[in-house]
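The values are calculated or read from the model by the stated rules, or taken from the named source; none is laboratory data. Keep in mind that what you see is a predicted model, and the values were worked out from it rather than measured. Cβ placement follows ideal geometry from the backbone for every residue including glycine, while neighbour counts extend to all protein chains displayed.
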């Protein structure tokens, strides 16, 4: 990261090689189609290049930082869509269906990812759905309440319980939440 | 909306970290956060939990042209990157090497401005810089963190001459029956099995069997006796070798 901060393109290329796949995967999950996912990743990495000085080591890992930029860019894109409704249906329908490659299972990162998926499986479906609508689809809590015809307090309560359950999953195993 | 106070902060913090507050409410929440920096840590921790969702997605291969597009944009914006990169590397070296190297590096920079007549000397000094850069440094230590430290274990990776390393661990709890500790050197997200050990007494020192140069991290897991080809448990200890 220090070399990216001073504008070293080779260091930036290495950063992309290391995190580009995960960034694209998140963007694809959010946007539901390749071209938009590509646009989101491109814009996000340009922002990474321009604002690398804003990264603070103690706050989050580089991966978390980059993924948060990808996610924010994706949310901006989703919210600016005129055809949001139809697209969101597509996004929700496209929820993880593909299977990981063999190589995937061999990576250390995957160990973390598998664990996160296991943690998410411990959530009741109604909590998971609300977390996903907020995180991947960019709905506000008000919009989620309207969409699911739930009281706003119920939506907030499920968000709180869902996150608490995720944290508890790691605490129960004496493990730190991956950063 | 109502004015922000502690009660409302508590009510909305989960919504905030999920990015699900409407714009106006989000701005108000963030103003409150700025006015109460003591709450920042709690929000960062909660954001980490929310960020787990990003790790749950199945991986997709980015289009092959995407990297080229991004790099073309970056390089177009910075046409002098090769020169800047060289200088950045030089100053980086000055920052971390000894005084002799710093002096040599400064001389290199100075001599560049003398022109053709001094090019030979410049080349000589560049050689000296490279030579000094390639000299082995003293041992460096990297502390390992993770769940194991919560059980009182303490471990450091000591990098030695070249790219070799030794893992020094203290107060490691005995591995469960039929299990052993296994070291992993992680390069490019692939963990390579790099040695087994059993703690004997208070401390143990184990040679890491794979080079650590260029690795992202070194980790320790508990594995079945004889070790595993791939990690089968969460890491007890992890240390980042490079940022």
message: Suppose we keep only residues that are more than 8 Å from chain B (Cβ to nearest Cβ) and buried (at least 16 other Cβ atoms within 10 Å of the Cβ) within the stretch A:165-179. Which one would you say is farthest from residue B:221 (Cα to Cα)?
response: A:165
field: Those residues of the stretch B:17-37 which are under 15 Å from residue A:134 (Cβ atoms) and part of a loop (DSSP other than H, G, I, E, B), in sequence order
entry: B:18, B:19, B:20, B:21, B:22
- prompt: Inside the stretch B:182-209, can you point out the residues that are part of a loop (DSSP other than H, G, I, E, B) and more than 14 Å from every other protein chain (Cβ to nearest Cβ)?
  reply: B:198, B:199, B:200, B:201, B:202, B:208, B:209
- request: Take residue B:213 and decide whether it is within 17 Å of the chain's Cα centre (by Cα), modelled with pLDDT of 80 or more and away from chain A (no Cβ under 12 Å).
  value: yes
- prompt: Looking at residue A:15, is it in contact with a helix residue (DSSP H, G or I) (Cβ under 8 Å, 6 or more places away or on another chain), assigned to a helix (DSSP H, G or I) and either in the same structural domain as residue A:114 (by TED's automatic domain parsing) or modelled with pLDDT under 85 (or both)?
  reply: no
message: When the residues of the stretch A:19-42 are narrowed to those that are at the interface with another protein chain (Cβ under 9 Å from one of its Cβ atoms) and farther than 18 Å from residue A:81 by Cβ, which ends up surrounded by the fewest Cβ atoms within 10 Å (Cβ to Cβ)?
response: A:21
- prompt: Mind checking whether some residue in the stretch B:27-43 is under 22 Å from residue A:27 (Cβ atoms) and surrounded by 15 or more Cβ atoms within 10 Å (Cβ to Cβ)?
  reply: no
- prompt: Based on what the data block shows, is residue B:176 within 30 Å of residue A:11 (Cβ to Cβ) and either in a loop (DSSP other than H, G, I, E, B) or at pLDDT below 80 (or both)?
  reply: no
- line: Within the stretch B:49-65, the residues that are in contact with a helix residue (DSSP H, G or I) (Cβ under 6 Å, 6 or more places away or on another chain) and in a helix (DSSP H, G or I) are B:49, B:50, B:51, B:52, B:53, B:54, B:55
message: For the stretch A:133-155, which positions are in a helix (DSSP H, G or I) and crowded, with 21+ Cβ neighbours inside 10 Å?
response: A:133, A:134, A:135, A:141, A:144, A:155
message: Being modelled with pLDDT under 80 and in contact with a strand residue (DSSP E or B) (Cβ under 7 Å, 6 or more places away or on another chain) narrows it down to one residue among B:167, B:144, B:160; which is it?
response: B:160
task: Test residue B:46 against the criterion of being within 7 Å of chain A (Cβ to nearest Cβ), assigned to a helix (DSSP H, G or I) and free of Cβ contacts under 8 Å to residues at least 40 places away in the same chain, and give yes or no.
output: yes
